[in-house]
Structure formats: structure tokens, C-alpha cells
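Student: This structure is in C-alpha cells; I'll ask about it shortly.
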Amino acid sequence: MAAVALTAVPGRAAAQAPAAAGSGGRRQQQSIQVTPDNVRFSNYLHDLTAASRSTVIGTIGGGVANHLLGRPSPWNDGAEGLAKEIASREAQVAVTLSVRHGLAAVMHRSTGYHPCDCHGFGPRVGHALLETFTDRRDDGSRAFSVPRFAGAYAGSFARMAWEPGHSAGSVAMGTTVSLGVSALFNVAKELTGVGR
């Protein structure tokens, strides 16, 4: 699905035709103009690799913490179980980002966080929340972030297919809570200036 969506908005390359040989016999070199559509796939790959690194770090830390605290795992408690948990979370991230970026490409929406030029606590918090729940369209206007929400729920529900022991209700609740946590991270990012 993601591959189809990402290729549905192909990059536009504009090449200049070579000029006819003039009196000097020189030809103009071809140039390719990269448009924002070409950048979408690069952004997708960047988000996928950045999310994978943080997911692996978080999963290993979470797996070790669960093991030390004696919490049950859906798989066995050894190294094989930890490897399966990491793979499960990685696959969830891949589905989440693929759906989000694919829909954003089809709907002509942004996927990046745009820091605020505003000053003061209230305006920055408001902007961080706005960035969490909306996307920018090509014309700069905002709309509810269908790609972000669809991606988050698609990734969580896809994980149910290969990870035992989850109900649809608990997955939906967990995804909703994680979206709220991402809003808090955006507020922290905005207030601290990280990523500017």
C-alpha cells in the first residue's frame, strides 16, 4: 500500500533540452530540478531509519526492564523473546510510517514538525498541540491529520496479527494514549527548542 501511495505522486523532474549547437559548437548541460515530491521518499526513509533506531533502543531498554521486573512477555523470556519483541515493534513502526507517509503523499500533506516562530509559553504550547493533530496542506493551510492518526492505528492493529495476547480495545486505547504522549513530546520539543 505504501509503495503504491508513494509512487502515486511521482517526483517531477524537469530537464532542459540540450540547445542546438551554436556558433561555438557548445551544448548546454542538462539540469534536473528536484521538487518537493522527490523529497517525500527521502523524508519517508529518514523517518523510517530514525524511528527504527529509537525503537530498537527503546525496545531493548524496555525488554531488559521487563525482564528485570519479572513482567510476562508474549514470547519466551530469553534472548529469542527479546529479538521477537524488537522485530514486532520494528514492523509496527514500518507499517505506521508507511501508511502515514503514503496517505500524506496522496493527500498532499506535510509529515514534518514545523517549529513556531512565536514567543511565550501559551503560544508555543498551542502550536505544539496544533502540530500534533493537524498537517499542513500544499497551500500552507491546516487540516486534521488523517495520515498521522491512520498510520498510528494501522501500525497498532497490524501488530495484533503477529503478536499474541492483545484485544482490539486495548490496542485502540494504547494507540490513543501514545498519540497523547506524542503531543507532550511536541510541547517539550517546542519549549526547549530541540530540533529547531
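Student: For a quick protection proxy, order the peptides 92-98, 162-168 by their average other-Cβ count within 10 Å, most packed first.
Tutor: Values: 92-98: 21.3, 162-168: 11.6.
My ranking of the peptides, most packed first, is 92-98, 162-168.
Student: Tell me, Kirkwood radius of region 54-196 from alpha-carbon pair distances, in Å?
Tutor: For region 54-196, the Kirkwood estimate is 16.8 Å.
Student: By how many nm would the segment from Asp138 to Cys118 grow when fully extended, if each residue of separation counts as 0.36 nm and the alpha-carbon distance is taken off?
Tutor: 5.0 nm
Student: Suppose R0 equals 30 Å; then what is the FRET efficiency for Val146 and Ile60 from their Cβ-Cβ distance, rounded to the nearest 0.05?
Tutor: After rounding, the FRET efficiency stands at 0.40.
Student: Right, next: Apply 1/(1 + (r/R0)^6) to the Cβ-Cβ distance of Thr192 and Arg53, taking R0 = 25 Å, and write down the FRET efficiency to the nearest 0.05.
Tutor: Efficiency for this residue pair is about 0.75.
Where a number appears in this text, it was derived from the coordinates with a stated rule and is not lab data. Predicted model only: the values in this text are computed from it and were never measured. Using ideal geometry, Cβ is built from the backbone for each residue, glycine included, and neighbour counts are taken over all protein chains shown.
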